[in-house]
Amino acid sequence: MRIIHVSAECYPVAKVGGLADVVGALPKYQNRLGANSSVIMPFYNNSFTSEHQFEVIYTSSLTLRNSEYPFDVLKLKDDKQDFDIYFVDEKQHIYKDYVYSSDDTDRFLIFQIAVMDWLLTLKTKPNYIHCHDHHTGLIPFMAQESFKYEKLNKIPVITTIHNAQYQGWFGYENLDKIPQFNLQNIGLLDWNGIINSLAAAIKCAWRVTTVSPNYMEELKENANGLENLLRYESGKCVGVLNGIDAEVWNTETDSFLIENYTKAKVQSGKKANKEWICKEFNLDKSKPLFVFIGRLVGEKGAELLPQVFYESLKERAISILLLGSGFKEIEEGLDNLKTIYPSNYNAYIGYNEKLSHILYAGADFLLMPSRVEPCGLNQMYALRYGTVPIVRSTGGLKDTVTDIKEGGFGFCHNHVSVEDVVEAINRAKDYYNEKPSDFRKNRKTIMNIDHSWEASAKTYIELYKTIK
């Protein structure tokens, strides 16, 4: 079984969010089940591509309107990877030092067309093409409709929606850039009077998956305008819960940690990492440590955080550390709190992979007050590292975290409001202070929860086999 994943991100090559973690792990675990799974993605100008070697395996050019764009398909020369990674290297649009920008229409059109052109030349074609998010959303359409790719239209194409809020919209003035097709079928591209890449993928893919069962159901009620389409296509839609790479996220071997630890040594291991955090960020190590790790955007409920932190820290009974970046006004509000609560609060504005691992290891609680969380990986990392998640019950968070009041192991709230988040924090604080033995026992319990990719990879393999 040969599977090619097509994605804008893949860890460790290029990561903006959870998409990279999924695409960087799923092929590896599929291969361990006997598949031949690989990835093709854009070739970015970043530290990974500058530090590794590649071989050119295909050279060609494509035409977008009246302009010609030469491109190469490269293959990573790296025996440390558990799957093959291929790249589309096109200098004018793709080879940039960023993954996304405000106008990526031509960029991802070039990427997708180049992928299809390359696949057309392969003597041994993939058995399945697995596309991820709207950046690859036109591939199911082109495989089915474009005259140029008629020889590929018998290959099943699967689309996974990682986040339906972003759909790859662009105007009909760009229609002639898509390889020729029967214009009578133009409706497959359209949603609400505009070309919508994700809508086209949902219409044309052989199967549509999302990254958690609950998120699939939520999309039928709230999908940024695609609700009716997803209800109509529900017969080919299924939610498959993401996993995490249990080898990358392993407290016993994680090279980022200040001190590694086993489940048996969770108390001492977490203490060592917490003490480093508190020393580094001038926090009171005697207080329970709450952390937020993620993008400072509305989807994550981040605009509430300055007020949530202000209210929660009034009694100075907890410590809070934030790692993230996003909207400047949110960043400024979070920075301002440093002078109000100098020994109980701090913030690292930016992205730091090493620090994120240490925070999962050293924190007592992880905050995820998300408005939208299709699956969520952070709560799974937290569980793996013995950190108790505090989440809003939505999407994959609802699938993976059960409240302690209901016999579970975390703290859940139903609304994205300052009051709800503060109340959940206070419940967690009281649990930490008033039931220390239960808290320590719960740490070991959550570390035993298995959210590794083995089960999810097997589910995808079985899903492929059902496609006829």
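The values are calculated or read from the model by the stated rules, or taken from the named source; none is laboratory data. All figures in this text were calculated on a predicted structure; none of them were measured in a lab. Glycine also receives a Cβ, built like all others from the backbone with ideal geometry; neighbour counts cover every protein chain displayed.
Scan segment 310-333 and give yes if some residue there is among the aromatic types (Phe, Trp, Tyr), modelled with pLDDT of 95 or more and crowded, with 23+ Cβ neighbours inside 10 Å, otherwise no.
There is no residue in segment 310-333 that is among the aromatic types (Phe, Trp, Tyr), modelled with pLDDT of 95 or more and crowded, with 23+ Cβ neighbours inside 10 Å.
Pairs, please: C-beta under 8 Å, at least 6 apart or cross-chain, first residue under 13 Å from Pro12 (Cα atoms) and in segment 68-89, second of a type in the set (Phe, Trp, Tyr) and buried (at least 19 other Cβ atoms within 10 Å of the Cβ)?
Leu76/Tyr86; Leu76/Phe87
Of the numbered conditions (1) over 26 Å from Gly17 (Cβ atoms); (2) within 22 Å of the chain's Cα centre (by Cα), Glu303 satisfies every one except a single condition; which is it?
The failed condition is (1).
Residues that are in contact (Cβ under 8 Å) with a residue 60 or more places away in the chain, within 18 Å of Gly396 (Cβ to Cβ), among the charged types (D, E, K, R) and surrounded by fewer than 22 Cβ atoms within 10 Å (Cβ to Cβ): does segment 241-248 have at least one? Spell out the reasoning first.
Initial filter on segment 241-248 (in contact (Cβ under 8 Å) with a residue 60 or more places away in the chain): 241-246, 248.
Subset that is within 18 Å of Gly396 (Cβ to Cβ): 241-246.
Restricting the remaining residues to those that are among the charged types (D, E, K, R) gives 245.
Imposing the further condition that a residue be surrounded by fewer than 22 Cβ atoms within 10 Å (Cβ to Cβ) reduces the set to 245.
Taking every residue of segment 241-248 in turn, at least one turns out to be in contact (Cβ under 8 Å) with a residue 60 or more places away in the chain, within 18 Å of Gly396 (Cβ to Cβ), among the charged types (D, E, K, R) and surrounded by fewer than 22 Cβ atoms within 10 Å (Cβ to Cβ).
Spot the failing condition for Lys285; the list is (1) touching a residue at least 12 places away in the same chain (Cβ under 8 Å); (2) closer than 30 Å to Pro374 by Cβ; (3) among the basic types (Lys, Arg), and only one is missed.
That leaves (2) as the condition not met.
Out of the residues in segment 334-348 that are over 24 Å from the mean Cα position of the chain (by Cα) and touching a residue at least 40 places away in the same chain (Cβ under 8 Å), which is surrounded by the fewest Cβ atoms within 10 Å (Cβ to Cβ)?
Looking at residues that are over 24 Å from the mean Cα position of the chain (by Cα) and touching a residue at least 40 places away in the same chain (Cβ under 8 Å), I get Pro342.
Based on this model, can you work out whether Glu434 counts as surrounded by fewer than 24 Cβ atoms within 10 Å (Cβ to Cβ), modelled with pLDDT under 95 and more than 19 Å from Leu304 (Cβ to Cβ)?
Values: surrounded by fewer than 24 Cβ atoms within 10 Å (Cβ to Cβ): yes; modelled with pLDDT under 95: no; more than 19 Å from Leu304 (Cβ to Cβ): yes.
No: the conditions fail for Glu434.
Could you look through segment 437-455, keep only residues that are touching a residue at least 24 places away in the same chain (Cβ under 8 Å), part of a helix (DSSP H, G or I) and out of contact with any helix residue (DSSP H, G or I) (no Cβ under 7 Å at 6 or more places or on another chain), and pick out the one that is surrounded by the fewest Cβ atoms within 10 Å (Cβ to Cβ)?
Checking each candidate, the answer is Ala455.
Take the conditions in contact with a helix residue (DSSP H, G or I) (Cβ under 6 Å, 6 or more places away or on another chain) and within 15 Å of Ser38 (Cα to Cα) and apply them to Tyr86. Does it pass?
Values: in contact with a helix residue (DSSP H, G or I) (Cβ under 6 Å, 6 or more places away or on another chain): no; within 15 Å of Ser38 (Cα to Cα): yes.
Here the answer is no, as Tyr86 does not meet what is asked.
Within segment 149-157, is there a residue that is modelled with pLDDT under 95 and basic (Lys, Arg)?
no
For segment 253-292, give me each residue that is crowded, with 20+ Cβ neighbours inside 10 Å, among the hydrophobic types (A, V, I, L, M, F, W, C) and within 27 Å of the chain's Cα centre (by Cα).
Within segment 253-292, Leu257, Ile277, Leu289, Phe290, Val291, Phe292 qualify.
Residue under question is Asn224, and the condition is that it be on the phi > 0 side of the Ramachandran plot and either at pLDDT 95 or above or surrounded by fewer than 20 Cβ atoms within 10 Å (Cβ to Cβ) (or both); does it hold? Lay out the reasoning, then the answer.
Numbers: on the phi > 0 side of the Ramachandran plot: yes; either at pLDDT 95 or above or surrounded by fewer than 20 Cβ atoms within 10 Å (Cβ to Cβ) (or both): yes.
For Asn224, the condition - on the phi > 0 side of the Ramachandran plot and either at pLDDT 95 or above or surrounded by fewer than 20 Cβ atoms within 10 Å (Cβ to Cβ) (or both) - is met.
Restricting attention to segment 134-171, which residues are surrounded by 22 or more Cβ atoms within 10 Å (Cβ to Cβ), of a type in the set (S, T, N, Q) and either in contact with a Pro (Cβ under 7 Å, 6 or more places away or on another chain) or under 12 Å from Ile113 (Cβ atoms) (or both)?
Thr136, Thr159, Asn163
Could you tell me which numbered condition Arg2 fails, if it satisfies all but one of (1) closer than 30 Å to Glu173 by Cβ; (2) surrounded by fewer than 23 Cβ atoms within 10 Å (Cβ to Cβ)?
Result: Arg2 passes all but (1).
Got at least one residue in segment 454-463 being acidic (Asp, Glu) and at pLDDT 95 or above?
The initial filter retains those residues of segment 454-463 that are acidic (Asp, Glu), namely 454, 462.
Narrowing further to those that are at pLDDT 95 or above: 462.
Within segment 454-463 (the criterion being acidic (Asp, Glu) and at pLDDT 95 or above), the answer is yes, since at least one residue qualifies.
Rundown of residues vs (1) touching a residue at least 40 places away in the same chain (Cβ under 8 Å); (2) more than 17 Å from Lys203 (Cα to Cα); (3) in a helix (DSSP H, G or I); (4) among the aliphatic types (A, V, I, L, M), yes/no style:
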{"residue": "Met116", "(1), (2), (3), (4)": "yes, yes, yes, yes"}
{"residue": "Leu120", "(1), (2), (3), (4)": "no, yes, yes, yes"}
{"residue": "Lys123", "(1), (2), (3), (4)": "no, yes, no, no"}
{"residue": "His130", "(1), (2), (3), (4)": "yes, no, no, no"}
{"residue": "Pro140", "(1), (2), (3), (4)": "yes, no, yes, no"}
{"residue": "Gln144", "(1), (2), (3), (4)": "yes, no, yes, no"}
{"residue": "Lys148", "(1), (2), (3), (4)": "no, yes, yes, no"}
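Pick out, from segment 49-98, the strands (runs of 3 or more DSSP E) lying fully within it that include 2 or more residues that are at pLDDT 95 or above, among the hydroxyl-bearing types (Ser, Thr, Tyr) and surrounded by fewer than 17 Cβ atoms within 10 Å (Cβ to Cβ). Before the answer, list the steps.
On the way: elements: 53-64, 67-77, 85-89.
Those strands (runs of 3 or more DSSP E) span 53-64.
Please verify whether segment 5-12 includes one or more residues that are outside any strand (DSSP E or B), outside the structural domain of Gly396 (by TED's automatic domain parsing) and within 21 Å of Pro156 (Cα to Cα).
Residues of segment 5-12 outside any strand (DSSP E or B): 7-9, 11-12.
Then keep just the ones that are outside the structural domain of Gly396 (by TED's automatic domain parsing); that gives 7-9, 11-12.
Next, only the ones that are within 21 Å of Pro156 (Cα to Cα) stay: 7-8.
The answer is yes; a qualifying residue exists.
Among the residues of segment 150-159, is there at least one that is in the same structural domain as Thr63 (by TED's automatic domain parsing) and closer than 25 Å to Met380 by Cβ?
Going through segment 150-159, the residues in the same structural domain as Thr63 (by TED's automatic domain parsing) turn out to be 150-159.
Add one more test, that the residue is closer than 25 Å to Met380 by Cβ, and what stays is 158-159.
Yes, there is a match, as at least one residue in segment 150-159 is in the same structural domain as Thr63 (by TED's automatic domain parsing) and closer than 25 Å to Met380 by Cβ.
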